[in-house]
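To start, the structure itself, in structure tokens.
The values are calculated or read from the model by the stated rules, or taken from the named source; none is laboratory data. All values reported here derive from a predicted model rather than from experimental measurement. For neighbour counting, all protein chains shown are included, and Cβ atoms are generated from backbone atoms with ideal geometry for every residue, glycine included. Side chains are part of the model used for accessible areas, which takes the heavy atoms of the whole protein and leaves out ligands, DNA and RNA. Shrake-Rupley method; radii C 1.70, N 1.55, O 1.52, S 1.80 Å.
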Amino acid sequence: MKLNELTIAQASSGLQKKEFSSVELTKACFDEIKKTDKKIEAFLTLTEDSALAQAKEADQRADFSKPLTGIPYAAKDIFCTKGVRTTCSSKILENYIPPYSATVIEKIQEQSGVMLGKVNMDEFACGSSTETSYFAKTKNPWDLERVPGGSSGGSVAATASHQCIYSLGTDTGGSIRQPAALTNLVGLKPTYGRVSRYGVIAMASSLDQVGPLTKTVEDSAILLGQLAGRDEYDSTTLDVPVPDYASEIKRDIKGLKIGVPKEYFIDGMDPEVEKTVRKAIDKLKDLGAEMVEVSLPHAMYGLAVYYIIMPSELSSNLARYDGVRYGYSANAKNLLDNYLETRAQGFGAEIRRRIMLGTYTLSSGYYDAYYLKAQKVRTLVKQDFDRAFEQVDCLLTPTSPTVAFRLGEKTADPLTMYLADIFTVSVNIAGVCAVSVPCGFVKPKDGAVELPVGLQLIGKQFDETTILKAAYNYEQACDWYKRKPKID
């Protein structure tokens with residue numbers, strides 16, 4: 001196996017045994033980036049000199065007892081990185097260089113992790129295909145004519161094509177889980193408040209969460225254990241114990257009660273995707289889990305609630321980009337024109353659409369009718385999850401209703417694009433945790449290449465252990481994660 005194809009656990013073990021050095025591991029990743037990234041377009045910024053310096057420092061220190069030491073990774077371009085360009089894939093931040101790093105970046109740096117560079121995403125994380133980026137349209141390594149999902153499309157494309165060992169993403173309505181499902185990776189959205197959001201460029205502050213994108217469930221458990229915890233710079237993080245996830249997940253799942261919400265197998269879903277997910281349910285039964293049908297009666301309103309709350313918060317968060325303090329400026333003749341022209345020229349069409357939607361729903365006369373009502377329904381959605389978790393230990397659903405779609409297939413119809421998140425947004429609305437794990441491959445009607453399907457496991461708040469344990473047991477019984485894309 002090539003060094004760049006290793007997992008975190010394998011790479012850390014190899015470094016401890018001195019089978020290879022961090023410099024060799026890092027060079028193997030850059031070799032793969034140079035070989036494949038012209039086709040995939042995952043990276044926006046490469047930090048080769050600093051990465052090799054970080055790797056050399058890790059080798060000289062020769063202490064690989066911490067799991068992320070000397071291991072190369074890619075960061076979504078939404079994380080502030082001190083001295084390294086951070087664009088959020090937007091023209092308005094094209095040349096922005098932050099004066100500080102996000103807490104999660106700092107945590108990895110404290111272990112001498114090696115950052116290879118920053119990867120592409122939908123502009124300000126608004127999208128499900130990574131097609132709204134100002135810079136490039138990232139391709140799915142399994143089929144270069146298809147999207148990798150979004151908004152963390154660059155993160156998954158880099159990890160699935162083995163340009164890095166792992167990557168970091170963010171998830172506001174499914175932006176870790178949906179692209180993970182479309183590229184045969186494990187994508188974990190932790191509980192809101194489990195991982196610090198400090199230094200993450202805000203999209204929708206009550207929904208955003210940071211999480212890992214990895215090649216195995218064990219790697220997700222390792223990474224979450226290093227990133228989780230209270231952060232004094234993020235008041236929404238809670239001081240709750242962080243379990244040893246990597247050990248806990250290896251216990252069996254005999255007797256585990258898994259709820260299957262009847263509302264998540266809907267008309268319009270790809271029949272082959274449904275068949276694949278139902279086979280995964282049977283496999284989990286074979287492993288000793290007990291399946292229980294449950295109901296989440298307000299799930300049907302989740303997408304509507306999301307597309308009121310998210311644009312409302314987005315429109316507020318993006319008000320700071322006015323062409324005065326930082327970022328792109330149109331340099332118009334007077335202040336008002338400068339505001340208007342900077343935002344018109346600096347933001348893409350999808351961002352402007354969501355700002356208009358959010359400004360409308362927050363405006364006088366419409367606030368109660370839309371935003372306030374959405375917040376009330378949000379409570380009902382959360383109560384559905386609370387009632388379900390009184391009966392079962394976790395829930396199981398498909399991650400995405402379809403496999404990866406073709407580039408440009410849904411860009412002309414935003415509503416069709418929004419439906420790509422129909423199985424994932426309610427998790428963010430309720431603030432619970434969820435993981436997508438590979439569960440098979442299907443051949444789409446419009447293509448000859450088999451494409452990955454993801455299975456979503458949803459857990460109670462701060463109970464990532466249970467969903468990772470179920471995912472790990474399933475993964476080890478099926479081996480779907482061992483398949484690798486062929487990049488021609």
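In segment 352-378, the residue that is least open to solvent (accessible area, probe 1.4 Å) out of those that are in a helix (DSSP H, G or I) and farther than 15 Å from MET310 by Cα is ALA369. Here segment 388-415 is the region considered, the condition is being modelled with pLDDT under 95 and open to solvent by 50 Å² or more (accessible area, probe 1.4 Å), and the residue that is farthest from VAL260 (Cα to Cα) is ALA412. On inspection, TYR321 fails the criterion of being within 23 Å of the chain's Cα centre (by Cα), among the hydroxyl-bearing types (Ser, Thr, Tyr) and surrounded by 21 or more Cβ atoms within 10 Å (Cβ to Cβ). You will find that of ARG325, ARG354, ARG320, the residue that is among the charged types (D, E, K, R) and closer than 21 Å to SER129 by Cβ is ARG354 and no other. Of all residues in segment 52-73, those being within 14 Å of GLN226 (Cβ to Cβ) and either surrounded by fewer than 23 Cβ atoms within 10 Å (Cβ to Cβ) or of a type in the set (Ser, Thr, Tyr) (or both) number 5. Could you look through segment 208-229, keep only residues that are within 16 Å of ALA470 (Cβ to Cβ) and touching a strand residue (DSSP E or B) at 6+ places or on another chain (Cβ under 7 Å), and pick out the one that is surrounded by the most Cβ atoms within 10 Å (Cβ to Cβ)? Only one residue fits best here, namely SER220. Look at (1) part of a loop (DSSP other than H, G, I, E, B); (2) more than 18 Å from THR183 (Cβ to Cβ) and you find that ALA404 fails only one, number (2).
Is it fair to say LEU340 is farther than 18 Å from GLU94 by Cβ and assigned to a helix (DSSP H, G or I)? Yes, satisfied. Filtering segment 244-278 to residues that are out of contact with any strand residue (DSSP E or B) (no Cβ under 6 Å at 6 or more places or on another chain), surrounded by 13 or more Cβ atoms within 10 Å (Cβ to Cβ) and over 20 Å from ALA289 (Cβ atoms) leaves ALA246, GLU263, ILE266, MET269, ASP270.
Condition first: free of Cβ contacts under 8 Å to residues at least 24 places away in the same chain, under 30 Å from ALA330 (Cα atoms) and out of contact with any Phe, Trp or Tyr (no Cβ under 8 Å at 6 or more places or on another chain). Can you find one or more residues in segment 375-394 that meet it? Looking through segment 375-394, none of the residues is free of Cβ contacts under 8 Å to residues at least 24 places away in the same chain, under 30 Å from ALA330 (Cα atoms) and out of contact with any Phe, Trp or Tyr (no Cβ under 8 Å at 6 or more places or on another chain).
Listed here are the residues, each with its yes/no results for (1) within 24 Å of THR81 (Cα to Cα); (2) in contact with a helix residue (DSSP H, G or I) (Cβ under 7 Å, 6 or more places away or on another chain); (3) open to solvent by 30 Å² or more (accessible area, probe 1.4 Å).
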residue	(1), (2), (3)
GLU5	no, no, yes
GLN10	no, no, yes
SER13	no, no, yes
LYS18	no, no, yes
ASP31	yes, no, yes
LYS34	yes, no, yes
ALA42	yes, yes, no
